[in-house]
Amino acid sequence: MTQEFKLLPQAASEVASSVDHITLYLTVVSVFFTALISLLVIVFATRYRRRHADQRAEQIEGSLPLEIFWTVIPLAIALFSFAWGARVFFRMNSTPEGSLPISVTGKQWMWKVQHPEGRREINDLHVPVGVPVELTMISEDVIHSFYVPALRTKRDVLPGRYSKLAFVANKVGVYDIFCAEYCGTKHSKMIGKLHVLEDSQYQAWLSGAGSGPAPREDGAQLFAALRCDTCHSGQDNSRGPSLAGLFGADVPLADGQVVKADLDYLRESILKPAVKIVAGYQPLMPTYAGQVNEEQIGQLIAYMRTLGAPDPASTETTR
Ligand code: CUA
């Protein structure tokens, strides 16, 4: 064996060490109680065994202090484990303000990655060290699962719904990316590398070969090519509502509900426009299912996010 045996995979984030500490703690607690209980079973079985045929067991009464003792201690251990686990879980799932947004599309059998400024890659993910990153992930086909053992983090990548994965890599290096959900013949080949770079290297990498238009620029082109602007011009009109300032806003629907214009709402409205009709409009919009793939939907949404609320000053100048 040339490689030394390691109990745990390498760790490249703070969350990774927290997860390791919990794992170690739970292992120690489990081993301790397993050993203690096994030992007591053997000791009691030997010590209180039946010594002759006519021996009868002595009736024993309950003991309140003993009952309290073995109820309170396990309860305290369980609550402590829960509180600690919950803390790490919430930290793992929180996305700090200003995280670097990166899109990931899972597809049989590859990971396609697009960075906000346009650089694309397949089966590789380059990120700067020490910077919070938020992956927005969706699948083109079946369920995949994005797993980076060195970050101790894993999230299912689903068809038809966005899922998010946040992390901060704190150690420069190259780490494995696996697909952790059986997704067909080449599931085991659906692997990649996470490259954690120093910030200067990352900036150099960003501007290197393979950079193309940013998703929002592709989205703007697509928006024009699909003639979305016919109905969604800058203003509300009889055919469709304005998309300016839409992202993140509350949208009143024709059936009286109010929904938040988040990623899933916008995606659904592109593919199944009739499901949620905006109050005051007719269900005129055709579906774009089959005309755009998940990456293109992501680009359209990226473009919509750039459409801020109409600025009164700019209307003044154009008048
Ligand atoms: Cu994708 Cu397994």
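When the alpha carbon gyration tensor of segment 100-206 is reduced to an equivalent ellipsoid, the three semi-axes, largest first, read 22, 14, 12 Å. Among Gln108, Gln203, Gln59, the largest mean-square fluctuation in a Gaussian network model of the chain, built with springs joining Cα atoms closer than 10 Å, belongs to Gln59.
Using only alpha carbons, segment 215-314 has a radius of gyration to Kirkwood radius ratio (Rg to Rh) of 0.93. Each semi-axis of the equivalent ellipsoid for segment 1-148 is √(5λ) with λ an eigenvalue of the Cα gyration tensor; in descending order they amount to 53, 19, 15 Å. Applying the criteria of a DSSP loop state and at most 12 other Cβ atoms within 10 Å to the chymotrypsin sites (Phe, Trp or Tyr not before Pro) of segment 137-219 yields Tyr182.
Ignoring ligands, DNA and RNA, please state the percent of accessible area on the chain from carbon and sulfur, probe 1.4 Å.
Working: 11920 of 19760 Å².
It is 60 percent, rounded to a whole number.
Contact order for segment 100-206, expressed relative to its length and based on alpha carbon pairs under 8 Å spaced 6+ residues apart, stands at 30 percent. Sequence-distant contacts, meaning Cα pairs under 8 Å at least 6 residues apart, place the relative contact order of the chain at 15 percent.
Between segment 223-242 and segment 1-57, the C-alpha centres lie 65 angstrom from each other.
In this rough spin-label picture, where each label sits 7 Å from Cα along the Cβ direction, the Asp54-Leu7 distance is 5.6 nm.
Shown in residue order for segment 140-147 are the 3J(HN,Hα) couplings computed by the Karplus curve 6.51 cos²θ - 1.76 cosθ + 1.60 at θ = phi - 60°: 7, 9, 9, 6, 10, 9, 8, 10 Hz (x for Gly and Pro). Taking a straight Cα-Cα cut-off under 21 Å and skipping sequence neighbours fewer than 8 places away in the same chain, the lysines within cross-link reach of Lys189 are Lys107, Lys112, Lys154.
Chymotrypsin sites (Phe, Trp or Tyr not before Pro) within segment 43-129: which are DSSP loop residues with at most 13 other Cβ atoms inside 10 Å?
On the way: sites: Phe44, Tyr48, Phe69, Trp70, Phe80, Phe82, Trp84, Phe89, Phe90, Trp109, Trp111; in loops: Tyr48, Trp109.
Passing both the DSSP loop test and the Cβ count: Tyr48.
In angstrom, the C-alpha Rg and Dmax of the chain are 28.1, 109. Translational diffusion coefficient of segment 142-271 at 10 °C, 1.306 mPa s, Stokes-Einstein with Kirkwood Rh over Cα pairs, in µm²/s as a whole number. Translational diffusion coefficient: 85 µm²/s.
Assuming charge only on the beta carbon of Lys and Arg (+1) and of Asp and Glu (-1), the dipole of the chain about its Cα centre is about 940 debye to the nearest 20. Working from label points 7 Å from Cα in the Cα-to-Cβ sense, the Ala249 to Val43 distance is 7.2 nm.
Using a cutoff of 8 angstrom between alpha carbon atoms and counting only pairs six or more residues apart, the relative contact order for segment 167-301 works out to 20 percent. Within the chain, the whole DSSP H helices whose Cα atoms reach 24 Å or more along their own axis and whose mean Kyte-Doolittle score is at least -0.5 are 14-47, 64-93. Between Gln299, Ser269, Gln221, the Cα set farthest toward the positive side of the dipole of segment 215-314 (charges on each charged residue's Cβ, about the Cα centre) is that of Ser269. When the Cα positions of Asn170, Val196, Ile122 are compared along the charge dipole of segment 100-206, Ile122 comes out farthest toward the positive end, with charges on each C-beta of Lys, Arg, Asp and Glu.
In the chain, which longest range has no GluC sites (Glu not before Pro) that are both DSSP loop (not H, G, I, E or B) and surrounded by at most 15 other Cβ atoms within 10 Å? Numbers along the way, then the final one.
Working: sites that count: Glu4, Glu58, Glu61, Glu97, Glu117, Glu198.
The segment 199-319 is the longest one with no such site.
So if I place +1 on the C-beta of Lys and Arg and -1 on the C-beta of Asp and Glu, and nothing else carries charge, what would the dipole magnitude of segment 215-314 be about its Cα centre? I want it in debye, nearest 20.
Values: 8 positive and 12 negative charges, 39 e Å.
Around 180 debye, computed over segment 215-314.
The values are calculated or read from the model by the stated rules, or taken from the named source; none is laboratory data. The structure presented is a predicted model; accordingly, all values stated were derived computationally and were not measured. So basically every Cβ, Gly included, is an ideal-geometry build from the backbone, and we count neighbours across all protein chains shown. Calculation scope for accessible area: heavy atoms of the full protein, side chains included, ligands and nucleic acids excluded. Shrake-Rupley method; radii C 1.70, N 1.55, O 1.52, S 1.80 Å.
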